[in-house]
There are 2 protein chains.
Amino acid sequence: MGPKITTELLKQLRQVMKNPRYVQEPVQAYIVPSGDAHQSEYIAPCDCRRAFISGFDGSAGTAIVTEQHAAMWTDGRYFLQAAHQMDSNWTLMKMGLKDTPTQEDWLVSVLPEGSKVGVDPFIIPADQWKRMSKALRSAGHDLVPVKENLIDTIWTDCPQRPCKPLITLDLSYTGVSWRDKIVALRSKMAERKVMWFVVTALDEVAWLFNLRGSDVEYNPVFFAYVVIGMNTIRLFIDGDRMMDPAVREHLQLDSTLEPEFKIQVMPYGSILSELQAVGAGLSPKEKVWLSDKASYAVTEAIPKAYRYLTPYTPICIAKAVKNAAETEGMRRAHIKDAVALCELFSWLEEEVPKGTVTEILAADKAEEFRSQQKDFVELSFATISSTGPNGAIIHYKPVPETNRTLSVNEIYLLDSGAQYKDGTTDVTRTMHFGTPSAYEKECFTYVLKGHIAVSAAIFPNGTKGHLLDSFARSALWDCGLDYLHGTGHGVGSFLNVHEGPCGISYKTFADEPLEAGMIVSDEPGYYEDGSFGIRIENVVLVIPAETKYNFKNRGSLTFEPLTLVPIQTKMIDVNLLTEKECNWVNEYHQKCREVVGAELERQGRHEALRWLLRETEPLARGQ
Amino acid sequence: MGPKITTELLKQLRQVMKNPRYVQEPVQAYIVPSGDAHQSEYIAPCDCRRAFISGFDGSAGTAIVTEQHAAMWTDGRYFLQAAHQMDSNWTLMKMGLKDTPTQEDWLVSVLPEGSKVGVDPFIIPADQWKRMSKALRSAGHDLVPVKENLIDTIWTDCPQRPCKPLITLDLSYTGVSWRDKIVALRSKMAERKVMWFVVTALDEVAWLFNLRGSDVEYNPVFFAYVVIGMNTIRLFIDGDRMMDPAVREHLQLDSTLEPEFKIQVMPYGSILSELQAVGAGLSPKEKVWLSDKASYAVTEAIPKAYRYLTPYTPICIAKAVKNAAETEGMRRAHIKDAVALCELFSWLEEEVPKGTVTEILAADKAEEFRSQQKDFVELSFATISSTGPNGAIIHYKPVPETNRTLSVNEIYLLDSGAQYKDGTTDVTRTMHFGTPSAYEKECFTYVLKGHIAVSAAIFPNGTKGHLLDSFARSALWDCGLDYLHGTGHGVGSFLNVHEGPCGISYKTFADEPLEAGMIVSDEPGYYEDGSFGIRIENVVLVIPAETKYNFKNRGSLTFEPLTLVPIQTKMIDVNLLTEKECNWVNEYHQKCREVVGAELERQGRHEALRWLLRETEPLARGQ
């Protein structure tokens, strides 16, 4: 597929940027961020405004359109994809490279004096607004909220906002009732002396009430806001979803409850007026707790003096530490997921040599095998099924125009995952169905060494994930290689596949310390543009580590892999592994055999079981 | 020495906090930061106000005195020392521990409503003022500048501000003339479109003019400010130092010069009025560049709209990248320093068993041997000469009351360095003059593994030092051990032994990327309170690394040790080293032999040469 032709659209946008029907004064630039009103990473089709105006549909990017220019900021995962999808009206701004200007610096360099820069106040997070507004003001420009979204005014066939039925989760999945979660939240509020808490992130709403939805593809969430007071709960949600008896029962909407647990249901669109009413009724010392990533619109509804902003909300932090029921669910989900992938890889091993398997077919087969597993709901993100040069496009998704046939001559990279009612998975394996070159094996082995260095790392309680990032790169660095993405992200429990507040990245400095019970991915890689991509990803659980000593009684942590899918030994240059690394691989494969082997046996999947046993033969050093 | 008794002093301070002669309105709290008006880490005796009021004389700490409380914030290096030096009037706030409140949070928790918090505006950096002021204001209090320093009003025998002669450095030491440095600075100013630059850091003034002083012990700097315009240079400095013919010649004060290189000399005390005059004469778009760490007083002299603040000044960044003349000077200085230490350790080996060597005597001997070397100026910091439990006090300095005798039964830690006209040194060696226990050797070997992991690390151009910090800890972490300080700091070239903008620490996120030519220390450690301390420190130069591949043509970097002093092999448990680590030690020792051995030979120091040869015998694994 060629790039999207945007000449006409940009012309229309530039017209509405001056149209008094939509803007009080003409704006000389208009910012189109990625997100929706909840700062979601994955968004509903009606919120894909940046993709609509530019053609670039990666998960991260910000478009800015001025009278003369159109520019797109995105990160290393998407440099190639964005360059493919955008036409020559657009300038690609490669974030993370030394010479790339920030959005603010770029705006200042191109805008005429005294410009107005417009943005939808619901779409821009308050912290970004603040930074951008300050930088523009100090250069003599103004950032202005444009109430009507200007993209929506030119998007004639914009899809409707989804409003799908809800799923209720009982205690066997969640471990804690929504009432107990509210109690814990109110105690955190009391600790910080705040009277109100506004939940704006969709996964936080879903987690708090033990509800799931399907308004956004891949993320089991639903459009809603919540405002929690010390004695009130207001849920802002649209549609007849609250008419579902199971939901009414789950939320005890028709029961006689203590007033502080009585949920008032209100229309989604009334959040701003209700918040303004809350804000107007505040007395001094009555603070309102908000994420500093909440939208500018929601944040501004509360007078500045009453706001209590934090980078991570208490829900975000509580949600990240999985309880026993959630951890057990995640384990079950990962075993089922491994069964599906053993089926897939066993099938690919048979079929690839015939030359009939395309990237899309492989992705569809992966979904088919997953959907056979119990409690499967949907995929957790768009499957990255990529072979040869497509593997170097870090967040590639096969489409008919790029669809490549798997062969015995190219490396195949599959990054995929699913939502099960008991957990969320995300796994990457890189395979060769023929004979890999010595260079491919060398690169794969460096990536594996990095993967093991993180997975086997022991570190003190209180360590932030970003301090582990270099462990994943050290073997690559030694040979002058690297990869341009982070090493890991938090993973939700039947929730978003990317979640805060923890992660493993050289970029993230606001991450919270890792704690036992947190779940993150470990996914170093190596990519050669035009040739191949390698990535090895497991989802890992933070667990206490036994150590010989215990400095200052701090205790230590390490990781336990939840993902149990063989790592292709054919791709490993065993001579590059240390004894310790070799043992790690063998012990990991032994566990795959035992745990996934038993489940394959139970499910009667004998072909896949034979594949698993072959693929988990122990490595011997000095081969 | 027992703690300083501060009851009377605190009473006096609390009186002046209410005395209308000094404060417009009474202040309920008074902050006494560490620094001087230049935010120096090492300060002149007249600026040791925090030590005067509290007794705690470590290099980092902030005191806050309220009507009821007196509290001291300091970091892990100083927990033990501060606890020893302060009486029971003081509460120690251990920074970096989870439950320690920030100064702001603590103030908010103890102050009565609507309090005023006073601070000397020359002593508090503008960025700290801003953060503190904001936090206090949002809790209903006010941070107020108190023009007269309240400590000075009660410090009856406060020493005079030093005003010592200057040293001029010619091109063979500096590589670049001060005129060329001014030209480079003005070109950076033009790039950023600023018209003025204010130099407030003492080492930046010294570096810019290729001058050195001795106003502050250990740091060869002098009290001065500089204001650089595109066509003017104003140097604010006191005393008759500008009458010295060598200085006049060096600065070409009596030559006919292009006006833009003509230096106007003004009194030190006139900086504020001159800056206010500059500020008043600015037209829009005429910005003034300041460090965001400049004092609140200096920063406030420039109207907010005209300030251009950055965390690191262009001088700070240029100064960090040493040129060929500076690097060669640093190499020479480190060879001379190694000669002195070989003499010392050879002497200690003889004398310690006799039981006559104390920590102070060992430190004095180290200074004596260093002072015999060419171009020796002074020490670069107070020698840390510590044995047994004193070694666990991370920044210990022996005084008669704590002075311990070195013995064959305890570990001895010596962290010391000197200023030579050609360079600055800083080296730590940990020795045992008897037979170390298996546990001591084990801990030493983990620290050594961390030291090597950093020193031998290969990493891409553009990497920030903090990404290397975990390499230094990994071996300790594996066994549940750690150390509560950073791993490395920038080192000046015959300048401050601690300098920005680079470093290696889990704490520093504002560090600038490492570049070839930068010089940092590599100094992991391990400390057991009440037992012993271990640290292994080399000063290392960032150099380009040869790698097998070169991802995105970014190039790679690594370190070359400048310090060439044997690491005691007796303390190493060779079985814990990998082959690579073992080779690193052997190659390092081979270089010590060759380079330092030749110099010992040249200087006719045969005893020390024999010691060097013995101490650098190759390790053999499997011993």
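Summary table below
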quantity: Restricting region B:10-45 to trypsin sites (Lys or Arg not before Pro) in coil, as DSSP defines it, with at most 10 other Cβ within 10 Å; calculated: B:Arg21
quantity: For the protein assembly as shown, convex hull volume per residue from C-alpha positions, Å³; calculated: 182
quantity: Added length on full extension, which subtracts the Cα-Cα distance from 0.36 nm per residue, B:Glu349 to B:Lys193; calculated: 50.2 nm
quantity: Three semi-axes of the equivalent ellipsoid, region B:360-509, Cα gyration tensor, whole Å, largest first; calculated: 26, 24, 13
quantity: Other copies of A:Gly530: label-to-label distances in nm, shortest first, labels 7 Å along the beta-carbon direction; calculated: 6.6
quantity: Greater than 21 Å apart at Cα, pairs in A:Lys98/B:Lys552; A:Lys319/A:Lys548; A:Lys11/A:Lys130; B:Lys4/B:Lys397; B:Lys18/B:Lys94; calculated: A:Lys319/A:Lys548; A:Lys11/A:Lys130; B:Lys18/B:Lys94
quantity: Förster radius 45 Å - calculated FRET efficiency between B:Lys164 and B:Asn19 (Cβ-Cβ, nearest 0.05); calculated: 0.85
quantity: Hypothetical label at B:Arg614: residues of region B:568-587 whose amide nitrogen lies under 16 Å (7 Å Cα-Cβ projection); calculated: B:568-571
quantity: Convex hull projection area averaged over all views, region B:403-452, Cα basis, nm²; calculated: 4.9
quantity: Integer Hz, Karplus 6.51/-1.76/1.60 couplings in order for region A:229-240, x for Gly and Pro; calculated: x, 5, 10, 9, 9, 10, 10, 9, 8, 9, x, 8
quantity: Linear extension gain, B:Lys552 paired with B:Ala277, 0.36 nm per residue minus alpha-carbon span; calculated: 94.0 nm
quantity: Distances in nm from B:Val408 to the matching label points in the other copies, shortest first (labels 7 Å along Cα to Cβ); calculated: 7.2
quantity: Cα centre as origin, Lys/Arg/Asp/Glu Cβ charges: region A:321-615 dipole, Debye; calculated: 560
quantity: Efficiency of FRET from Cβ geometry, A:Glu587 and A:Leu171, R₀ 30 Å, rounded to 0.05; calculated: 0.30
quantity: Average beta carbon contacts from partner chains per residue of A:472-484, 10 Å cutoff; calculated: 6
quantity: Label spacing, shortest first and in nm, from A:Asp180 to its equivalents in the remaining copies (7 angstrom along Cα→Cβ); calculated: 7.1
quantity: Share, in percent, of DSSP beta bridges within the protein assembly as shown that are antiparallel, nearest 5; calculated: 75
quantity: Accessible surface, chain A, averaged per residue in Å² (probe 1.4 Å); calculated: 38
quantity: For region A:212-322, alpha-carbon Rg and Dmax in angstrom; calculated: 15.2, 42
quantity: Rounded to whole Å, sorted largest first: equivalent-ellipsoid semi-axes of region B:26-69, Cα gyration tensor; calculated: 20, 11, 8
quantity: Given charges at Cβ of Lys, Arg, Asp, Glu: region B:321-615 dipole, positive-most of B:Leu361, B:Val399, B:Leu557; calculated: B:Leu557
quantity: Kirkwood-Stokes translational diffusion coefficient of region A:6-153, alpha-carbon pairs, 37 °C, 0.692 mPa s, µm²/s; calculated: 215
quantity: Ranked by how many other beta carbons lie within 10 Å on average, peptides B:350-360, A:125-135 from highest; calculated: A:125-135, B:350-360
quantity: Those aspartates and glutamates that a straight Cα-Cα span of less than 15 Å connects to B:Lys293, excepting residues fewer than 8 apart in one chain; calculated: B:Asp36, B:Glu41, B:Asp120, B:Asp127, B:Asp203, B:Glu204, B:Glu499, B:Asp511
quantity: Dipole magnitude of chain A, debye to nearest 20 (Cβ charges: Lys/Arg +1, Asp/Glu -1, about Cα centre); calculated: 1500
quantity: DSSP bridge orientation in region A:167-319 - percent antiparallel, rounded to nearest 5; calculated: 50
quantity: Overall Cα dimensions of chain A - principal axes, largest extent first, Å; calculated: 72, 60, 50
quantity: Reach of A:Lys336 by Cα under 16 Å, taken over lysines that are not fewer than 8 positions away in the same chain; calculated: A:Lys365, A:Lys374, A:Lys421, A:Lys591
quantity: Inter-chain shielding of A:545-553 (mean C-beta neighbours from other protein chains, 10 Å cut-off); calculated: 5
quantity: Computed FRET value (nearest 0.05) for A:Lys98 with B:His606, which takes r as the C-beta separation and R₀ as 41 Å; calculated: 0.20
quantity: A:Ser531-B:Ser88 pseudo-label distance in nm [points 7 Å out on the Cα-to-Cβ vector]; calculated: 7.2
quantity: Accessible surface of chain B [probe 1.4 Å, protein heavy atoms]: carbon and sulfur percent; calculated: 52
quantity: Relative contact order (%) - chain A, alpha-carbon pairs under 8 angstrom, separation at least six; calculated: 11
quantity: Over 16 Å [Cα-Cα, region A:315-416], rounded percent; calculated: 61
quantity: Largest-first ellipsoid semi-axes for region B:321-615, taking √(5λ) over the Cα gyration tensor eigenvalues, angstrom; calculated: 28, 22, 18
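The values are calculated or read from the model by the stated rules, or taken from the named source; none is laboratory data. Nothing here was measured: the structure is a model prediction, and the numbers come from that model. Note that each Cβ is placed from the backbone with ideal geometry, even for glycine, and that neighbours are counted across all protein chains shown. These area figures cover heavy atoms from the full protein model, side chains too; ligands, DNA and RNA do not enter into them. Shrake-Rupley method; radii C 1.70, N 1.55, O 1.52, S 1.80 Å.
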